[in-house]
Amino acid sequence: MKNLFFVVSLFITYTAQAELTNPTILYIGDSHSYGKLGTSIESQLSTISDHVIMESSCGSSAYTWLGKTGYEKTVCGFWKKDGADEVRTTEHQTPKFSDEVAKYHPDVVIIQLGTNMAAAEKPLNSKSSIDQLMKEAKASGAVCIWIGPPDANSKVVTREKLGLVNNLIKDLADANSCVYIDSLQLTEFPKDSKEGIHYPPTLSKQWGEKVGAIILNQLKK
């Protein structure tokens with residue numbers, strides 16, 4: 001009986017380690033991830049996983065991915081890549097996070113959201129949606145990682161509102177045992193850019209490389 005218990009325990013331990021060495025990773029994000037941020041992070045995640053699902057929906061916030069009022073449609077860009085299957089289009093329904101979790105059973109969930117919540121008139125109203133998204137991620141049993149909003153130079157996404165959203169997500173991440181990556185510490189919006197929110201490809205890629213390195217380091221722990 002003792003030998004049987006030892007074999008079963010060894011099998012369970014080995015299986016857990018095997019899953020962690022090649023985790024299924026589900027990544028959701030906003031328009032930042034539609035560009036070089038997303039492709040840069042995907043490239044790094046693919047070094048440790050054979051199954052990385054990348055999804056980005058322009059204009060999305062935590063509320064959008066919860067789908068409380070149905071599948072919300074983006075009209076400014078959607079990207080999904082699951083292995084060799086890839087969709088990149090202007091208009092698309094944003095998937096519900098709960099549906100994607102049920103479909104893929106991820107070992108790791110990565111959420112890149114914050115800018116569009118900082119664009120709201122009252123950014124702190126996003127608290128319940130952020131909290132629910134984190135709770136759904138943790139309830140799935142996955143490692144939860146949240147990438148916060150980057151620096152901006154916009155009359156809509158002001159640095160004051162970015163600070164409010166950044167601190168809100170950070171506090172909720174602590175409460176829900178999610179790893180929080182503070183992008184305000186990793187980015188500085190270029191002074192010569194008139195766009196105000198989205199980064200040029202080179203800087204977006206650099207941001208992605210920094211974030212990817214942090215994620216890989218966290219998953220090694």
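The values are calculated or read from the model by the stated rules, or taken from the named source; none is laboratory data. The structure displayed is predicted, hence computed values, not measured ones. Positions of Cβ are generated from backbone atoms using ideal geometry, with glycine treated the same way; all protein chains shown enter the neighbour counts.
A few notes on this one:
- Candidates Tyr199, Tyr104, filtered to the one that is of a type in the set (Phe, Trp, Tyr), touching a Pro at 6+ places or on another chain (Cβ under 8 Å) and in contact (Cβ under 8 Å) with a residue 40 or more places away in the chain: Tyr199
- The residue list Thr115, Thr74 contains one member that is closer than 28 Å to Thr47 by Cβ, buried (at least 20 other Cβ atoms within 10 Å of the Cβ) and hydroxyl-bearing (Ser, Thr, Tyr), which is Thr115.
Results for (1) farther than 30 Å from Asp192 by Cα; (2) part of a strand (DSSP E or B); (3) in contact with a Phe, Trp or Tyr (Cβ under 7 Å, 6 or more places away or on another chain); (4) polar (S, T, N, Q), shown as yes or no for each residue.
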residue	(1), (2), (3), (4)
Lys127	yes, no, no, no
Leu133	yes, no, yes, no
Lys155	no, no, no, no
Asn166	no, no, no, yes
Ile169	no, no, yes, no
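- Identity of the residue in the stretch 1-49, at pLDDT 65 or above and among the acidic types (Asp, Glu), that ends up nearest to Trp65 (Cα to Cα): Asp30
- Residue within the stretch 63-71 that is within 13 Å of the chain's Cα centre (by Cα), under 22 Å from Ser129 (Cα atoms), part of a loop (DSSP other than H, G, I, E, B) and not aromatic (Phe, Trp, Tyr) present: no
- The set of residues from the stretch 174-194 being under 14 Å from the mean Cα position of the chain (by Cα) and of a type in the set (Ser, Thr, Tyr) comprises Tyr180, Ser183.
- Going through (1) outside any helix (DSSP H, G or I); (2) over 19 Å from Ser40 (Cα atoms) one by one, Lys161 falls short only on (1).
- Just one residue in the set Ile110, Ile197, Ile130, Ile169 is closer than 17 Å to Ile41 by Cα and either surrounded by fewer than 22 Cβ atoms within 10 Å (Cβ to Cβ) or under 14 Å from the mean Cα position of the chain (by Cα) (or both); that residue is Ile110.
- Scanning the stretch 133-147 for residues that are more than 15 Å from Asp171 (Cβ to Cβ) and surrounded by 16 or more Cβ atoms within 10 Å (Cβ to Cβ) turns up Glu136, Ala137, Ser140, Ala142, Val143, Ile145, Ile147.
- Within the stretch 102-119, considering residues that are aliphatic (A, V, I, L, M) and assigned to a loop (DSSP other than H, G, I, E, B), the one farthest from Ile147 (Cα to Cα): Ala119
- Beta carbons closer than 7 Å, at least 6 apart along the sequence or on distinct chains, pair a first residue in the stretch 55-70 that is surrounded by 22 or more Cβ atoms within 10 Å (Cβ to Cβ) with a second that is assigned to a helix (DSSP H, G or I) and among the aliphatic types (A, V, I, L, M) for Ser61/Met117; Ala62/Met117; Ala62/Ile130; Ala62/Leu133; Trp65/Leu133.
- Taking the criterion of being over 24 Å from Ala137 (Cβ atoms) and polar (S, T, N, Q), the residues of the stretch 154-172 that qualify are Ser154, Thr158.
- Scanning the stretch 81-101 for residues that are part of a loop (DSSP other than H, G, I, E, B) and either surrounded by 12 or more Cβ atoms within 10 Å (Cβ to Cβ) or touching a residue at least 60 places away in the same chain (Cβ under 8 Å) (or both) returns Thr94, Pro95, Lys96.
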